[in-house]
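**Student:** Sharing a structure here in structure tokens format.
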Amino acid sequence: MSRNKEVGRKFRLIKKVNENRRVPGWVMMKTARRVTQNPRRRNWRRGSLKL
């Protein structure tokens, strides 16, 4: 991908980076460890983005 990105694409990439995190610890505590994984987790090699 080129170095010079348009602003809209850059913001969408930032949003995807922020979404690709683990579930916070307080969520696990609140749900008594029923929720331990993020179902929308994505790997940079396997999943591709539609931007």
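Derivation of every value follows stated rules applied to the coordinates shown; laboratory data play no part. Quantities reported herein were computed from a predicted structural model and do not represent experimental measurements. A quick note on method: Cβ atoms are made from the backbone with ideal geometry, for glycine too, and the neighbour counts reach across all protein chains shown.
**Student:** Taking 8 Å as the Cα distance limit and 6 or more residues as the minimum spacing, I'd like the relative contact order of the chain as a percentage.
**Tutor:** Taking the mean separation of contacting Cα pairs over the length of the chain, I get 35 percent.
**Student:** If you add up the charges near MET28, with Lys and Arg at +1 and Asp and Glu at -1, over every other residue whose beta carbon is less than 13 angstrom from its beta carbon, what do you get?
**Tutor:** +4
**Student:** While we're looking at this one, here's another question. Calculate one ³J(HN,Hα) per residue across segment 32-37 by plugging θ = phi - 60° into the Karplus curve 6.51 cos²θ - 1.76 cosθ + 1.60, and present them in order as whole Hz with x for glycine and proline.
**Tutor:** With coefficients 6.51, -1.76 and 1.60, one gets 6, 6, 6, 9, 10, 10 Hz.
**Student:** Can you tell me the orientation of helix 7-19 relative to the chain, as the angle in degrees between its alpha-carbon axis and the longest Cα principal axis, to the nearest 10?
**Tutor:** Relative to the chain, helix 7-19 is tipped by roughly 20 degrees.
**Student:** Suppose the Debye formula is applied to equal point scatterers at every Cα of the chain; what is log10 I(q)/I(0) at q = 0.20, 0.28 Å⁻¹?
**Tutor:** The Cα Debye sum returns log10 ratios of -0.78, -1.09.
**Student:** Only four residue types carry charge here, +1 at the Cβ of Lys and Arg and -1 at the Cβ of Asp and Glu. Report the dipole size of the chain about the Cα centre in Debye, rounded to the nearest 20.
**Tutor:** Details: 18 positive and 2 negative charges, 25 e Å.
I would put it at about 120 debye.
**Student:** Using the Cα centre of the chain as origin and beta-carbon charges of +1 (Lys, Arg) and -1 (Asp, Glu), tell me which of ALA32, SER2, ILE14 is placed farthest towards the positive end of the dipole.
**Tutor:** SER2
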